[in-house]
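Taking it in order: structure first as structure tokens, then the write-up.
The values are calculated or read from the model by the stated rules, or taken from the named source; none is laboratory data. Bear in mind the structure is a predicted one, so any value in this text is a computation, not a measurement. For neighbour counting, all protein chains shown are included, and Cβ atoms are generated from backbone atoms with ideal geometry for every residue, glycine included. All accessible areas refer to the heavy atoms of the entire protein, side chains included, with ligands and DNA or RNA removed. Shrake-Rupley method; radii C 1.70, N 1.55, O 1.52, S 1.80 Å.
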Amino acid sequence: MRAVRQIIERGTYMKIAVITGASSGMGREAAVQIGNRLAGIEEIWLLARRRERLEELDGRLPAKIRCFAIDVTCEKDRKKLKDALDTEKPDVKILVNAAGFGKIGRVGELDIDTECGMVRLNCEALCAVTHLVLPHMSPNSRIVQFASAASFLPQPKFAVYAATKSFVLSYSRALGAELRGRRIFVTAVCPGPVDTEFFDIAETTDQIPLYKRLVMADPRKVVKKALRDSYMGRPVSIYGITMKAFGLLCKVVPHDFLMYVLKT
Ligand SMILES: NC(=O)c1ccc[n+]([C@@H]2O[C@H](COP(=O)([O-])OP(=O)(O)OC[C@H]3O[C@@H](n4cnc5c(N)ncnc54)[C@H](OP(=O)(O)O)[C@@H]3O)[C@@H](O)[C@H]2O)c1
């Protein structure tokens with residue numbers, strides 16, 4: 001009865017999308033594709049620190065945009081999102097958590113803020129934003145969490161990043177199981193290397209191996225597949241045959257052997 005009442009009440013609320021990491025790469029691409037393809041979305045709430053990059057999308061999408069120039073790792077900043085959600089009481093039809101960063105380098109050689117910063121952004125902020133948005137989601141909504149193919153296998157010289165993405169994959173699959181009864185579908189997106197600004201940051205400390213450069217994917221295609229998988233209710237989205245094969249390999253071959261062969 002409560003659920004029926006909620007659906008009826010929700011019908012009157014503004015339907016929105018919430019996207020973190022919307023100032024570049026796959027978050028920005030998600031905003032463009034959701035804005036252009038998803039019928040019924042009235043506003044897209046964009047979150048990232050660089051306001052000017054968010055505002056570039058203003059007037060370029062069929063839906064209205066609202067910019068939150070915030071650091072999602074900062075609780076005080078996240079309160080701005082919480083206050084807006086509590087005041088407007090929108091119906092969030094899709095949440096995309098794309099904010100994330102990784103830096104290549106051995107544990108202990110990267111500075112402590114960088115190592116812990118990956119955990120704070122990729123894990124803690126993703127959980128916090130999900131927690132804030134969840135009460136504002138109704139049945140038949142979607143959560144798209146950006147994990148990575150790095151979640152499939154521990155990665156020496158990318159150890160903290162790969163571990164944060166294993167967290168995202170595990171968390172998202174469990175969350176999806178918890179929310180199935182509410183008909184909220186959670187998809188963990190696990191791409192291999194994607195051609196975005198990600199590597200401008202990742203490679204400030206060291207270079208990625210050559211084989212990763214060779215399988216670099218187009219962000220538009222990765223996001224298109226992620227959104228399609230999300231709408232099909234799939235728990236995991238992996239773009240490309242190479243990464244699907246890699247995922248399978250990581251399930252059947254001992255990880256120590258793979259780490260030795262790949263010399264990651
Ligand atoms: N590119 C790849 O090869 C690849 C592969 C697999 C998975 N992924 C994952 O996919 C997601 C998207 O990556 P991408 O390739 O699109 O990277 P990107 O182009 O570097 O975008 C990262 C986004 O995160 C935002 N961000 C970073 N720190 C933030 C903070 N403290 N608060 C708020 N926003 C913050 C950035 O905006 P501001 O700087 O404006 O704050 C930016 O919009 C990430 O989770 C990444 O780990 C990437």
Checklist entry - Counting Lys +1, Arg +1, Asp -1, Glu -1, what net charge surrounds Lys221 among other residues with beta carbon under 15 Å of its beta carbon? => result +3
Checklist outcome for this item: Which of Lys212/Lys244; Lys79/Lys224; Lys76/Lys165; Lys157/Lys212; Lys93/Lys224; Lys15/Lys64 exceed 23 Å between C-alpha atoms? The answer is Lys79/Lys224; Lys76/Lys165
Next on the checklist: Just to confirm a number: summing +1 for Lys and Arg and -1 for Asp and Glu over residues other than Ala150 whose beta-carbon lies under 12 angstrom from that of Ala150, what do you get?
Outcome noted: +3
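In whole percent, how big is the carbon plus sulfur part of the accessible area of the chain, probe 1.4 Å, protein atoms only?
56 percent
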Checklist entry - Which value in nm describes the separation of the simple spin-label points at Arg213 and Arg51, placed 7 Å from the Cα toward the beta carbon? => result 3.9 nm
Checklist outcome for this item: Scoring the stretch 2-262 by relative contact order with C-alpha pairs under 8 Å, at least six apart, yields a percentage of 18 percent
Checklist entry - Among Gly108, Gly40, Gly176, which one shows the biggest mean-square fluctuation in a GNM of the chain, springs joining Cα atoms closer than 10 Å? => result Gly108
Next on the checklist: Show me, for the stretch 191-204, the HN-Hα J-couplings you get by feeding each phi into the Karplus relation (A = 6.51, B = -1.76, C = 1.60, θ = phi - 60°), rounded to Hz, glycine and proline as x.
Outcome noted: x, x, x, 10, 7, 9, 5, 3, 6, 4, 8, 4, 9, 5
Item to check | Calculated FRET efficiency for the pair Ser170/Val32, C-beta based, R₀ 35 Å, to 0.05 | outcome: 0.75
Checklist outcome for this item: Helix 241-252: inclination vs the chain longest Cα principal axis, degrees, rounded to 10, gives 70 degrees
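Shape verdict for the stretch 194-264, please, from the Cα gyration tensor: rounded (a/c under 1.5), prolate (a/b greater than b/c) or oblate.
The shape class here is oblate.
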Checklist outcome for this item: Going residue by residue through the stretch 21-26, the Karplus relation 6.51 cos²θ - 1.76 cosθ + 1.60 with θ = phi - 60° gives ³J(HN,Hα) values, rounded to whole Hz and with x marking Gly or Pro, of x, 7, 8, 7, x, 6
Checklist entry - So if R0 is 35 Å, what FRET efficiency would Arg180 and Glu109 give, r being the distance between their Cβ atoms, rounded to the nearest 0.05? => result 0.25
Checklist outcome for this item: The whole-number value in µm²/s of the Stokes-Einstein translational diffusion coefficient for the chain, with Rh from the Kirkwood sum over alpha carbon pairs at 4 °C and 1.567 mPa s, is 69 µm²/s
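Return one whole number: the accessible area per residue of the chain in Å², for a 1.4 Å probe. List each step's numbers first, then the result.
Numbers: 13280 Å² over 264 residues.
About 50 Å² of surface per residue is accessible.
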Item to check | Summed side-chain charge close to Ile70 - residues other than Ile70 whose Cβ falls under 15 Å, Lys, Arg +1, Asp, Glu -1 | outcome: +4
